[in-house]
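Scroll down for the structure; my scribbles are underneath it.
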């Protein structure tokens, strides 16, 4: 239920907004899955409360036609490729990423560009003012954490800007992440898994897969990258059957390529694909497959309500056009497998945070 209309604030600067926002940064009080009720309340439960308080309704979130992306590696790259293809296809895109590389406003993108500092400041002070009043009169509802602020601001920006698609990158895990409030996203996506944030997500791939699969929703399309381990796939299938959604595994990139979609005028960029690491080729195949299922959902050509379409499904025979493939390949995501050449020295820049990702550079 909406608490009130947005509370008007005196115009305050971007620098003031950053100063106030940074006060909300704390050592996260993550709880273990042994107490899921508190996890739910403190993470995505509060996100839903805050969104409602600032006037964002469930139907407005549905109208974002959400693509929700989790995983251990490649989330940002997958999201940026999806964003670029859909934007170039004429759709108005919103993209929430995490973390930012340099400036915090990079996290909230509209049509392929970070929002301006003025827009960021305006969003922050509107949300902050409303939630300040709301929490004063609410029992046991604290002011937002840093990640809650950014999430609510992104949702408000996407609703205000009437985007055609909201692409949301999970922060950590998925099941108890602050982004996990969408009741019926169009597509939920899991990239490659690795042991990461083990103090939060668990010490095995199975535990991590369980955390990631928590974004699967009834009737939505669940999609995972090619090459997942058996223990991860077991958890994915189990969760898909539990929530009653279809589960697809993205094909290899080779199976998506044809002589037709690798012809001129894009042949040069395709010829350079041998310089791309295998992990990014997996991300590319996953991005393309996500786009296919998003279009199918948008145009109503899926049959997710059929009981036979629950759990693991056969791979689609769809092939991307040369234009779609080119636009995915031409997406740029700074700090992720970025190559910079200065004075005959080649630098490889990447925000790697797993052993497997670091090994790509040796």
Point to revise | Leading residue by the ranking (nearest to residue 278 (Cα to Cα)) among those in the stretch 229-249 that are surrounded by 21 or more Cβ atoms within 10 Å (Cβ to Cβ) and free of Cβ contacts under 8 Å to residues at least 40 places away in the same chain | key: 232
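For a quick check of your reading: which helices (runs of 4 or more DSSP H) sit entirely within the stretch 52-151 and have at least 3 residues that are within 22 Å of residue 180 (Cβ to Cβ) and in contact with a strand residue (DSSP E or B) (Cβ under 6 Å, 6 or more places away or on another chain)? Spell out the reasoning first.
On the way: elements: 58-62, 75-88, 117-136.
Correct list: 75-88.
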Practice item. State whether the residues of the stretch 73-82 include one that is surrounded by fewer than 22 Cβ atoms within 10 Å (Cβ to Cβ), out of contact with any helix residue (DSSP H, G or I) (no Cβ under 8 Å at 6 or more places or on another chain) and not assigned by TED's automatic domain parsing to the domain that holds residue 153. Key: no
Study note, to complete from the structure: Of those in the stretch 83-98 that are within 20 Å of residue 156 (Cβ to Cβ) and surrounded by fewer than 22 Cβ atoms within 10 Å (Cβ to Cβ), the residue modelled with the lowest pLDDT is 98
Review point. For the stretch 195-225, what are the residues that are in contact with a strand residue (DSSP E or B) (Cβ under 6 Å, 6 or more places away or on another chain) and assigned to a loop (DSSP other than H, G, I, E, B)?
Key: 216, 220, 225
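Any idea which of 185, 144 is at pLDDT below 95 and crowded, with 18+ Cβ neighbours inside 10 Å? Outline the logic, then answer.
On the way: 185 fails: at pLDDT below 95.
Within the list 185, 144, the selection yields 144.
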Exercise for review: Kindly establish whether residue 264 is modelled with pLDDT of 95 or more and on the phi < 0 side of the Ramachandran plot.
Suggested key: no
Exercise for review: Of the conditions (1) surrounded by fewer than 19 Cβ atoms within 10 Å (Cβ to Cβ); (2) in a loop (DSSP other than H, G, I, E, B); (3) modelled with pLDDT under 85, residue 336 clears all except one; give me its number.
Suggested key: (1)
Review point. Hey, residue 178 hits all of (1) in a helix (DSSP H, G or I); (2) surrounded by 24 or more Cβ atoms within 10 Å (Cβ to Cβ) but one; which does it fall short on?
Key: (1)
Review point. In the stretch 291-302, is there at least one residue being part of a loop (DSSP other than H, G, I, E, B), surrounded by 10 or more Cβ atoms within 10 Å (Cβ to Cβ) and either assigned by TED's automatic domain parsing to the domain that holds residue 219 or at pLDDT 85 or above (or both)?
Key: yes
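Okay, residues lined up against (1) crowded, with 22+ Cβ neighbours inside 10 Å; (2) within 22 Å of residue 86 (Cα to Cα); (3) modelled with pLDDT under 95; (4) in contact with a helix residue (DSSP H, G or I) (Cβ under 6 Å, 6 or more places away or on another chain):
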site	(1), (2), (3), (4)
189	yes, yes, no, yes
195	no, no, yes, no
206	no, no, no, yes
209	yes, no, no, yes
220	yes, yes, no, no
225	yes, yes, no, yes
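The values are calculated or read from the model by the stated rules, or taken from the named source; none is laboratory data. Note that this is a predicted model, so its numbers are computed, not measured. Methodologically, a virtual Cβ is constructed for each residue, glycine included, from the backbone with ideal geometry; neighbour enumeration extends over all protein chains shown.
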